[in-house]
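What follows is a single structure, written as structure tokens, with notes after it.
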Amino acid sequence: MFDLTGKTALVTGASGGIGAAIATALHEAGATVGLSGTRTAPLEDLAARLGDRAHVLPCNLSDGDAVAALPKDAAGAMGGVDILVNNAGITRDNLFMRMSDDEWASVIDVNLTAAMKLSRGVLRGMMKARWGRIVNITSVVGATGNPGQGNYAAAKAGLVGMSKSLAYEVASRGITVNAVAPGFVATAMTDKLTDDQKAAILGNVPAGRMGDPAEIAAAVLYLSSPEAGYTTGTVLHVNGGLAMI
Amino acid sequence: MSDIADRVKKIVVEHLGVEEGKITESASFIDDLGADSLDTVELVMAFEEEFGIEIPDDAAETIQTFGDAVKFITDAA
């Protein structure tokens, strides 16, 4: 249904489970994709699986200079960036009273500040093209909070406020800015949870199961599509009913 | 009129869709030519590209009128 032929998409965190699924979905819809991440090997593997129209763009989002260079590198490789998916995220969980300045700052830097800088970096081209899609991957915990994740939840809530503010500014130029808020999805990030923790979480999920990365990717694909042109400033929650907000 | 002024005028006509006759030396982009704040950012971006110059944010804020733009670019180019 959604055709992205001729569009270029930059996906950060493409070496992770959700990022790889997003890149795959956009690619299947016809987009040329730029795969960014810190670990080159999984990016190369993904690019090899996708075949044509896939570019590997390694970037460490905790490195300010690398973040500044990424939009230019992506435009150089693909001819432009029509769609930006700020998916990369890290966790440095700790109880609030024990959280170090570094645990706080590193999560804010990668999950929020890098998304701001990348969005700013791609906007010029989108403004000129009078078309653009920015999709920020936030999290259910940005809306609900989560013990041990004060830093992560703050960054994810920050992404929502940023998305909405930017959505106001650029709506008249054919650029939409939205967020997707996954619940608990089966990825390396949630593999770190113990079985007891998983069981406790699933007890609160009406769907009774973890989400599949492809189900997050489907939401991103919609928000990246021409058909979503009238949808901006929204948060699309994909969480199996965990939080109906 | 200088070549720079002609090129600036062309950009303003294209971006704001205004008649060339309205673009006088003292015409304010926002008050007289109907630009919104985002238009002024886009105009500055277009000037940077057309003339191959960098216009820092604090300088961009001083460019309010067509005359301001021509003067800044003439000095910078």
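The values are calculated or read from the model by the stated rules, or taken from the named source; none is laboratory data. Predicted model, so just to flag it, every value in this text is computed and none were measured. Note that we place each Cβ from the backbone using ideal geometry, even for glycine, and neighbour counts take in every protein chain shown. Only protein heavy atoms, including side chains, enter the accessible area calculation; ligands, DNA and RNA are left aside. Shrake-Rupley method; radii C 1.70, N 1.55, O 1.52, S 1.80 Å.
Could you name the lysines whose alpha carbon sits less than 18 Å from that of A:K164, not counting residues in the same chain fewer than 8 places away? A:K164 reaches A:K117, A:K156.
Of the solvent-accessible surface of chain B, computed with a 1.4 Å probe over protein heavy atoms with every protein chain present, carbon and sulfur atoms account for 47 percent.
The trypsin sites (Lys or Arg not before Pro) of segment A:93-138 that DSSP puts in a loop, and whose beta carbon has at most 16 other beta carbons within 10 Å, are A:R130.
Around the amide H of A:V180, modelled in the peptide plane, lie the amide H atoms of A:N136, A:I137, A:T138, A:L236, all under 5 Å away and 5 or more residues distant in sequence or on another chain. Residues A:M126, A:M116, sorted by accessible area with the largest first, give A:M116, A:M126 [1.4 Å probe; ligands and nucleic acids excluded]. Solvent-free Debye calculation, one equal scatterer per alpha-carbon of chain A: log10 I(q)/I(0) at 0.13 Å⁻¹ equals -0.74. Average projection, convex hull of the Cα set of chain B: 4.4 square nanometres. Sequence-ordered 3J(HN,Hα) estimates for segment A:200-216 from the Karplus curve with 6.51, -1.76 and 1.60 and θ = phi - 60° stand at 5, 5, 4, x, 9, 9, x, 5, x, 8, 6, x, 9, x, 5, 6, 6 Hz, glycine and proline given as x. Bridgeable lysines around B:K71 (alpha carbons under 20 Å apart, same-chain partners fewer than 8 residues away excluded): B:K9, B:K10, B:K22.
Taking the Kirkwood radius as Rh and the Cα radius of gyration as Rg, segment A:92-148 has a ratio of Rg/Rh equal to 1.13. Between the listed residues A:A171, A:A25, A:G229, the Cα displaced farthest toward the positive end of the dipole of the protein assembly as shown, a dipole computed from Cβ unit charges relative to the Cα centre, is found at A:A25. Here is the size of segment A:1-111 from its Cα atoms: Rg then Dmax, 15.0, 50 Å.
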